[in-house]
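Computed from the coordinates by the stated procedures, all read-outs in this text should not be read as laboratory data. Here the structure is a predicted model, which is why all the values come from computation and not from measurement. Quick reminder, even Gly has a Cβ in these numbers, built from the backbone with ideal geometry, and neighbours come from all protein chains shown.
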Amino acid sequence: MADIVLIAGGRESRSQGGDPLLARTFSLLGLDKPLVAYIGAASHDNRVFFMWIKTMLRKAGAGNVRLAALAAARADLAKARSLLQGADVVFVSGGDVEAGMQVLERTGADSWLRELHRAGKPFIGLSAGSIMLARNWVRWPDTGDDASAEIFSCLGLAPLLCDTHAEKEGWEELQTLLRLSGLAVGHGIPAGAALRIKADGSLSAMGKSVPRFQFLDGRLQRLADLEPA
C-alpha cells in the first residue's frame, strides 16, 4: 500500500503558477520530478484538458506526464497498462465520475489500478478523480426524480466517501450519498484543500480544514473537521 492524496480542484486550482498543494503532495510522497501516468477516463481523454493539467503538474514539480489513454474504442490497452506499471505515481483526473468508472470497468483498468495500489504505487486524484478513488458515488437514473438516487461502486482505493469543491451547494450530492449509506462518514473536500490517506489508514487535511459529515437521526450532522497537519 502507498499514500493516496485526494485534491478538490475547483477554481482555486486554476493558477498561472505552480499549484502549492500539488507541489507539497509530490514532496510528501517523496517524489522528485516523477513520471506521472495521467488517467483522463472521466473526461474521455480530452486532449485540451490533459494539456492544461499536464502544464499544472509540470509547474508543481512533475517530470514527464504521459496520458494512459483508455477511453477510445481502439485504445491500446497494453500500452496504457505498461505506462501505469512504469510510472512513479498515478494521477486520476476530473470530469464525470460515472463516465470515468464505466471506462475503467469496460477496459479492465479498475483491476489494474487496484493491483498497483496493493503493490505500493502512490495515487493522486483531482476533483471527480478523487471521488473515483474513494468507495462509492451516487447517480440519479431518472434525473427528474430525487427518489431514484442510487449508489454505485468506485475504485475503493481510499476507504472512505468524499465529495469535492461542492461547498457552495451545501454538499448536496454528498448528503444523498450519506443518506443512502447508513452510518458512513463523508468528507467534503473544499476548493483549495486535499485529503491525504496514509498507508497506515490515517487521514489528514492539506491546505484547508476538511469538514466531515454523517447522516444521523434523519438529518445530516457535521462532525469535527479534519485540520491540516
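Post the alpha-carbon centroid distance, segment 133-157 to segment 165-179, in whole angstrom.
One Cα centre to the other: 12 Å.
Taking Cα atoms, how many degrees apart are the long axis of helix 47-59 and the longest axis of the chain, rounded to 10 and kept between 0 and 90?
The two axes meet at around 80 degrees.
Express in nm, to one decimal, how much length is gained between residue 139 and residue 200 on full extension, taking 0.36 nm for each residue of separation and deducting their alpha carbon distance.
Full-extension gain reported as 18.9 nm.
Of 186, 126, 57, whose Cα points farthest to the positive end of the dipole of segment 4-222 (charges on the beta-carbon: +1 Lys, Arg; -1 Asp, Glu; origin at the Cα centre)?
Towards the positive end, the residue furthest out is 57.
Let me check against my output: what whole-number percent is the relative contact order of segment 120-169, with C-alpha pairs under 8 Å and at least 6 apart?
Values: 71 pairs, mean separation 19.3, N = 50.
For segment 120-169, the relative contact order is 39 percent.
Can you tell me the relative contact order of segment 52-117? Whole percent, Cα pairs under 8 Å, sequence separation 6 or more.
Dividing the mean separation by the residue count of segment 52-117 yields 24 percent.
What is the magnitude of the charge dipole of the chain about its Cα centre, with +1 placed on the Cβ of each Lys and Arg, -1 on the Cβ of each Asp and Glu, and no other charges, expressed in debye to the nearest 20?
Dipole about the Cα centre, nearest 20: 880 debye.
Give the peptides 32-43, 49-60 in descending order of average Cβ contacts within 10 Å, highest first.
On the way: 32-43: 22.3, 49-60: 17.8.
Put in order of decreasing packing, that is 32-43, 49-60.
Under the 0.36 nm per residue contour assumption, what length would be gained going from the current alpha-carbon distance of residue 72 and residue 115 to full extension?
Between residue 72 and residue 115, full extension yields 13.2 nm more.
Let me check I've understood the local charge: for residue 22, count other residues with C-beta under 11 angstrom from its C-beta, Lys and Arg +1, Asp and Glu -1. What total comes out?
Computed value for this residue: +2.
Any lysines with Cα under 24 Å of the residue 79 Cα? List them, leaving off those in the same chain fewer than 8 positions away.
Result set, ordered by chain and number: 33, 54, 121.
Given a cut-off of under 8 Å on Cα pairs at least six residues apart, what relative contact order in percent is computed for segment 4-222?
Working: 465 pairs, mean separation 47.8, N = 219.
Answer for segment 4-222 is 22 percent.
Using packing as a proxy for protection, rank 107-115, 130-138 so that the peptide with the highest average count of other Cβ atoms within 10 Å comes first.
My ranking of the peptides, most packed first, is 130-138, 107-115.
I'm a student and want to see the number: the projected area of the Cα convex hull of the chain, averaged over all directions, in nm².
12.1
Let me spell out the model: positive unit charges on the Cβ of Lys and Arg, negative unit charges on the Cβ of Asp and Glu, origin at the Cα centre of segment 22-102. What dipole size does that give, in debye rounded to 20? Present the calculation step by step, with values, prior to reporting the outcome.
On the way: 10 positive and 6 negative charges, 62 e Å.
In total the dipole reaches around 300 debye.
Where both residues lie in segment 4-222, what percent of DSSP beta bridges are antiparallel, nearest 5?
Antiparallel bridges make up about 50 percent of those DSSP assigns within segment 4-222.
Can you compute the modelled spin-label distance between residue 23 and residue 96, with each label point 7 Å from Cα toward Cβ, in nm?
Once both label points are built, they end up 3.6 nm from each other.
Need one word for segment 88-158: rounded, prolate or oblate. Basis is the Cα gyration tensor (sqrt eigenvalues a ≥ b ≥ c); a/c below 1.5 gives rounded, then a/b vs b/c decides.
On the way: a/c = 2.45, a/b = 2.15, b/c = 1.14.
Cα axes put segment 88-158 in the prolate bin.
Which far-off residues, 5 or more places away or on another chain, put their amide H under 5 Å from the one on residue 125, with H placed in the peptide plane?
5, 6, 7, 92
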